[in-house]
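The values are calculated or read from the model by the stated rules, or taken from the named source; none is laboratory data. Please read these numbers as outputs of a predicted model, since none were measured by experiment. No Cβ is skipped: glycine too gets one built from the backbone with ideal geometry, and neighbour counts run over all protein chains shown. Accessible surface areas use protein heavy atoms only, side chains included; no ligands, DNA or RNA. Shrake-Rupley method; radii C 1.70, N 1.55, O 1.52, S 1.80 Å.
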Amino acid sequence: MRTARRPSVPEWDGTFRERFPGLADRVYLNSNSTGLVPSEVEEVLHGYWRTLSSWQDDVWDSFFATTQDYATAVAGFIGAPPGSVVTDLNLSTLLARVASSFTYEAPRDRIVVTDLEFPTVTALWHGFSKYGARIDVVAGRGPDFDEDALVGAVGERTKLVCVSHGSYSTGAMLDLAPIVEQAHAVGAYVVVDAYQTVGTVPLDVTALGVDFVLGGAQKWLCGMSTAFLYVRPDLLETLQPAVTGWLAKEAPFSSGLASEWFGDARRFRAGTPLPLGPMMSAPGLRLLTDIGVERIRAHSLACTNRIIERADQLGLKVLTPRPAERRGGVVCLALPGGQQVVESLVADGLVCSWRGSLRVGPHFYNSMDEVDRFMDALRERL
């Protein structure tokens, strides 16, 4: 199928409005929930329809290649080597494959999580309690992680530590290094949910030495319907997921039952994929890669600093930690009657979200002027 011509990247000026039709005639500060996709995705969708309307089975070769190209691009973006990342539709699916790669027998049967995880994480691990997994939930310090308590909870009975890099509900960010160090010291593995941070916070999985990292395109990576899993390369050949499918084995199109797992992260594939997700997500990832996550992070911090400054002037309680190293790309504000306020803001084209607090998530395509316009509108509703 045809691929869209790749536009040149404009000089960094804090705005990329011409590439994001979703910014037209509104202020969009909700990338922590769903990021916008660039205009190149329209041609991807048209091309996908052209492929479907003239279908031939040999198109699967190009679909598999496109999906693998996206996985390789994600690997480069997070500092991982080629072959260590696999993609699928959502994080829940990939986390289940990680979980199914282990047995949970006493005494090493404990899964350490925090009370700031996205609901899918705790739900999945409670589901694995039927296979012997036992859950240890470490309470945070209010809206922030309690890293000392988390490190202290990781011991000889710990099988896996499964934690968020950033909290979806408060914007707090976890320092992963001491968690990885403690887990490895006692023979445990670390699984990181980076969905809330990857794309707006730099992450080098190789330097960190983490075992598994999960994330997705739908927020800060400017894509859609695609999640990814990184597996530390030296672990790959020791893992055989029980939640699997025909594409996890080498030569999947051969007749009979294939017996050899892929030697790379493709052993974490399962059944027939939806290639449209990586195809829609590739343009956004290319743009972020060209800009550079360090530059994106600097702009994000400038915007979130302004939100915090304006919130202080309005007398609003800021739930998100204030130090730059302790927060991701979203600021969460306590707000009486907040859900109704959010509905009013969205109705006037000032897009944000409510998850028990007002969440404001600027990205690289937003300007400081948009942040101020949003905060002005919020002030009028208080």
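Within the range 260-313, track down each residue that is farther than 26 Å from Ala172 by Cβ and among the polar types (S, T, N, Q). Break it down into steps so the answer makes sense when it comes.
Start the filter on the range 260-313 by keeping residues that are farther than 26 Å from Ala172 by Cβ, which leaves 260-283, 286-287, 289-290.
Residues satisfying the conditions are Thr272, Ser281, Thr289.
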request  = Under 9 Å between Cβ atoms, at least 6 apart or on separate chains: pull out the pairs that start in the range 135-156 with a residue that is farther than 21 Å from Pro107 by Cα and end on any residue that is of a type in the set (Asp, Glu) and open to solvent by 20 Å² or more (accessible area, probe 1.4 Å).
outcome  = Ala139/Asp115; Ala139/Asp146; Gly140/Asp115; Gly140/Asp146; Phe145/Asp175; Glu147/Asp175
query = Has the range 263-273 got at least one residue that is outside any helix (DSSP H, G or I), touching a residue at least 60 places away in the same chain (Cβ under 8 Å) and farther than 27 Å from Asp204 by Cβ?
reply = yes
request  = Take the range 277-318 and flag every residue that is over 17 Å from Asn366 (Cα atoms), among the hydrophobic types (A, V, I, L, M, F, W, C) and open to solvent by 40 Å² or more (accessible area, probe 1.4 Å).
outcome  = Leu314
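Counting only residues that are open to solvent by 20 Å² or more (accessible area, probe 1.4 Å) and β-branched (Val, Ile, Thr), how many does the range 331-340 have? Reasoning before the result, please.
To start, the set of residues in the range 331-340 that are open to solvent by 20 Å² or more (accessible area, probe 1.4 Å) comprises 334, 336-337, 339-340.
From what is left, the residues that are β-branched (Val, Ile, Thr) are none.
Final tally of qualifying residues: 0.
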key: Subset of the range 158-217 (residues that are open to solvent by less than 20 Å² (accessible area, probe 1.4 Å), under 25 Å from Ala298 (Cβ atoms) and either of a type in the set (A, V, I, L, M) or free of Cβ contacts under 8 Å to residues at least 12 places away in the same chain (or both))   = Ala172, Met173, Leu174, Leu176, Val192, Ala194, Val198, Val201, Val205, Val210, Val213, Ala217
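Can you pull out the residues in the range 341-361 that are of a type in the set (D, E, K, R), in contact (Cβ under 8 Å) with a residue 12 or more places away in the chain and surrounded by fewer than 23 Cβ atoms within 10 Å (Cβ to Cβ)?
Kept after step one, since they are of a type in the set (D, E, K, R), are these residues of the range 341-361: 343, 348, 355, 359.
Within this subset, residues satisfying the condition of being in contact (Cβ under 8 Å) with a residue 12 or more places away in the chain are 348, 355, 359.
Listed by number, the residues that qualify are Asp348, Arg355.
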key: Qualifying residues in the range 218-229 (those that are more than 9 Å from the chain's Cα centre (by Cα) and open to solvent by 10 Å² or more (accessible area, probe 1.4 Å)) - the one farthest from Leu288 (Cα to Cα)   = Ser225
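With the condition kept exactly as written, say whether any residue in the range 39-50 is part of a loop (DSSP other than H, G, I, E, B) and touching a Gly at 6+ places or on another chain (Cβ under 8 Å).
No, there is no match, as no residue in the range 39-50 is part of a loop (DSSP other than H, G, I, E, B) and touching a Gly at 6+ places or on another chain (Cβ under 8 Å).
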inquiry  = On the basis of being surrounded by 14 or more Cβ atoms within 10 Å (Cβ to Cβ), within 20 Å of Thr200 (Cα to Cα) and not β-branched (Val, Ile, Thr), does Leu378 make the cut?
reply    = no
remark   = With criteria (1) closer than 19 Å to His165 by Cβ; (2) open to solvent by 40 Å² or more (accessible area, probe 1.4 Å); (3) modelled with pLDDT of 95 or more, Arg110 comes up short on (1)
key: Conditions (1) within 30 Å of Cys303 (Cα to Cα); (2) out of contact with any Leu (no Cβ under 8 Å at 6 or more places or on another chain); number of the one not met by Pro38   = (2)
Number of the exception - Ala99 against (1) touching a helix residue (DSSP H, G or I) at 6+ places or on another chain (Cβ under 9 Å); (2) open to solvent by 10 Å² or more (accessible area, probe 1.4 Å) = (2)
ask   = So Trp49 fits all but one of (1) open to solvent by 20 Å² or more (accessible area, probe 1.4 Å); (2) aromatic (Phe, Trp, Tyr); (3) closer than 15 Å to Pro273 by Cβ; what number is the exception?
value = (3)
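Take Arg286 and tell me if it is within 19 Å of the chain's Cα centre (by Cα) and part of a helix (DSSP H, G or I). Before you say what the answer is, go through the steps one by one.
Working: within 19 Å of the chain's Cα centre (by Cα): yes; part of a helix (DSSP H, G or I): yes.
So Arg286 fits the description; yes.
If you check Thr34 against the conditions, is it part of a helix (DSSP H, G or I), within 30 Å of Val210 (Cβ to Cβ) and open to solvent by 30 Å² or more (accessible area, probe 1.4 Å)? Spell out the reasoning first.
Working: part of a helix (DSSP H, G or I): no; within 30 Å of Val210 (Cβ to Cβ): yes; open to solvent by 30 Å² or more (accessible area, probe 1.4 Å): yes.
Answer is no for this residue.
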